[in-house]
Amino acid sequence: MSSYNIRNIREISNDPLTKFTNQLAKKLSHFLVGQELDKLENKEDIYSDGQDIDSVIKLHTYSSQKFFDGITEYYPTFEPDGDKLRLWIRGTNLGNYLKDWTEFDRNINLHGDPLLVDGTPFDLGINTYGIKSLALRFNRPTSDLENEEYINPDSDVEVLGLTTGISFFCRFRIFDLAGQGGYHRTLYQKKDDTSNALRISISDTGRVVFCVKRAGTEYRSQTATSTITTNTVYDLWCTYANSGNTLHIYVNNVDKSLTDPGTLPFSTLTDEAYIMRFDSDGGYTYGDLYDFRVYREMVVSAAQVGYMYTNKWTIANIAFGKCMITNYWATLLGSEATLPPTPSFTSTSFTSGSFDI
């Protein structure tokens, strides 16, 4: 099939001859295309046998700036440590995959069409101006893929084989507490096999429910009172210690009083981990995900929970805004820095020592 130069789609000159030449080229191209079509046995649209592909380009205009005052001292964080922190997901990008911020470089699948949103009012302490944080919004009612949006991480964060314990951190905001598909709105669930599983969910009354099934025995806890409300950002920690089979739920740095929620279902799916979803038929969470982490073979202490709540980044004891985060910290130029001495050469001093510069 013949074609013409794309530059001829528009008139590129006011010169009469050029205009005439461009128009003639278009007519000639249409004529040649018509001749090719006449040779087809079937005069239907020649593209009808092509594969239909839905594609989208999303443009975001979020911007932030960091002011370095040359005075603030920054300190290294605990994470990533290449050992205890086995999974770290941040709600900062779209696409088919999310980055694993640990050193294990795991495959993290992102399903559906979640939306990248301004995380206000949450402040990570790294930006001086503009957007202070970002989040991924899942299962919004306006999405064509509502209740099909979730994260499926490929990670070895099983309950099976634990010798010390495990800790989960989730920074989130939820917009609907009503059960979905007959299940609690679920932040995380993992079923290793029929005898080992784990689930973190939010009940329709706003209680955090944390269940661990280990070697066939269930250990269950829920916050004693309604704790979670809609449209509010929370820092949630759930920890399980092998010693005593002890569970803790911390919400915004408060070690919550717990009760037994009774028997609850675990996913029918085996060896799959899901974030923002319980099972294929329900438990999808309509909300924002800021941060999700799993510390395996580590039971985070109440003090470490407090450190994270203060500085927003790490379980290390560092003040807010002083964590070493790539592209958000700079070396301090202080009194201990090696600087050239002030020249001592003056009109009244011509000794050899005056030239030590």
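Between a first residue in segment 4-33 that is at pLDDT 70 or above and a second residue that is assigned to a helix (DSSP H, G or I), which pairs have beta carbons less than 6 Å apart while being 6 or more apart in sequence or on different chains?
From segment 4-33, the pairs are Asn22/Asn8; Ala25/Asn8.
Within the set of pairs 6 or more residues apart or between chains, which connect a residue that is closer than 17 Å to Cys170 by Cα inside segment 117-144 to a residue that is among the acidic types (Asp, Glu) and part of a loop (DSSP other than H, G, I, E, B) with Cβ atoms less than 8 Å apart?
Ser133/Asp123; Phe138/Glu149
Filter segment 145-175 down to the residues that are in a strand (DSSP E or B) and at pLDDT below 95, then identify the one that is surrounded by the fewest Cβ atoms within 10 Å (Cβ to Cβ).
So, considering only residues that are in a strand (DSSP E or B) and at pLDDT below 95, the one surrounded by the fewest Cβ atoms within 10 Å (Cβ to Cβ) is Asn152.
One line per residue, one yes/no per condition, for (1) under 19 Å from His184 (Cα atoms); (2) not β-branched (Val, Ile, Thr):
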{"position": "Gly216", "(1), (2)": "no, yes"}
{"position": "Val233", "(1), (2)": "yes, no"}
{"position": "Thr246", "(1), (2)": "no, no"}
{"position": "Thr259", "(1), (2)": "yes, no"}
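Restricting attention to segment 277-304, which residues are surrounded by fewer than 23 Cβ atoms within 10 Å (Cβ to Cβ) and not in a strand (DSSP E or B)?
Ser280, Asp281, Tyr286, Glu297, Met298, Val299, Ser301, Ala302, Ala303, Gln304
Testing Tyr219 on (1) within 25 Å of Asn253 (Cβ to Cβ); (2) in contact (Cβ under 8 Å) with a residue 40 or more places away in the chain, one condition comes back false. Which one is that?
(2)
For segment 236-250, state whether one or more residues are surrounded by fewer than 16 Cβ atoms within 10 Å (Cβ to Cβ) and either under 25 Å from Asp118 (Cα atoms) or in contact with a helix residue (DSSP H, G or I) (Cβ under 7 Å, 6 or more places away or on another chain) (or both).
no
Looking only at segment 109-144, count every residue that is in a loop (DSSP other than H, G, I, E, B) and not charged (D, E, K, R) and tell me the total. Spell out how you get there, then give the answer.
If we filter segment 109-144 for residues that are in a loop (DSSP other than H, G, I, E, B), which is where we start, we get 112-114, 119-128, 131-133, 139-144.
Now narrow it down to the ones that are not charged (D, E, K, R): 112, 114, 119-122, 124-128, 131, 133, 139, 141-143.
Number satisfying all stated conditions: 17.
The values are calculated or read from the model by the stated rules, or taken from the named source; none is laboratory data. Every value quoted in this text rests on a predicted model; they were computed, and no experiment measured them. Here the Cβ is made from the backbone with ideal geometry for all residues, glycine too, and neighbour counts use every protein chain on show.
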